[in-house]
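Right, one structure below, let's go through it.
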Amino acid sequence: MRLQSIQRLALFRVFQPREKPRREIAGINYGAAIAALEDAGFWVLREGVHVIMTDGMRILTIPCQNPINSLTMEGIVRDSGISAEKFLQLL
């Protein structure tokens, strides 16, 4: 019985929430994001409620809202293949 209690405690410790990572990309205007991605080699395919961009290999969808949510912007940068530091330099 004691062994099961110890195993439960060990399992509980593995799945404890960790410190949230600091958001580096936050509060970016969608126009500035599009300009930075164009500097990185992407071009606009289509515009509407969202702007669709490509570099010939990847397709990115950028929402036309100000500011873009930090989680959304991080996903766009990750999908573009550009590091967050390089993207911030392009801004």
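FYI, it's all coordinate maths here, none of it is from the lab. Remember, it's a predicted structure, so these values are computed and weren't measured experimentally. All Cβ positions, glycine included, derive from the backbone under ideal geometry; neighbour counts span all protein chains shown.
Of note:
- Most tightly packed first, judged by the mean number of other beta-carbon atoms within 10 Å of their residues, the peptides 60-67, 41-48 read 60-67, 41-48.
- Spin-label model, Asn66 to Glu38: label points 7 Å out along the Cα-to-beta-carbon direction sit 1.6 nm apart.
- Spatial extent of segment 24-90: Rg and Dmax, with the Cα atoms as the point set, Å: 10.5, 28
- Placing a pseudo-label 7 Å from each Cα along the Cα-to-Cβ vector at Ala26 and Arg58 gives an inter-label distance of 2.3 nm.
- Per-residue HN-Hα couplings for segment 55-66 [Karplus 6.51, -1.76, 1.60; θ = phi - 60°; Hz; x = Gly/Pro]: 10, x, 10, 10, 10, 10, 10, 10, x, 8, 9, 10
- Sites Arg78 and Arg46, calculated FRET efficiency, Cβ-Cβ separation with R0 22 Å, nearest 0.05: 0.50
- Derived scalar couplings ³J(HN,Hα) [segment 75-91; Karplus, 6.51 cos²θ - 1.76 cosθ + 1.60; whole Hz; x for Gly, Pro]: x, 5, 5, 4, 5, 6, x, 9, 6, 4, 5, 5, 4, 5, 5, 6, 5
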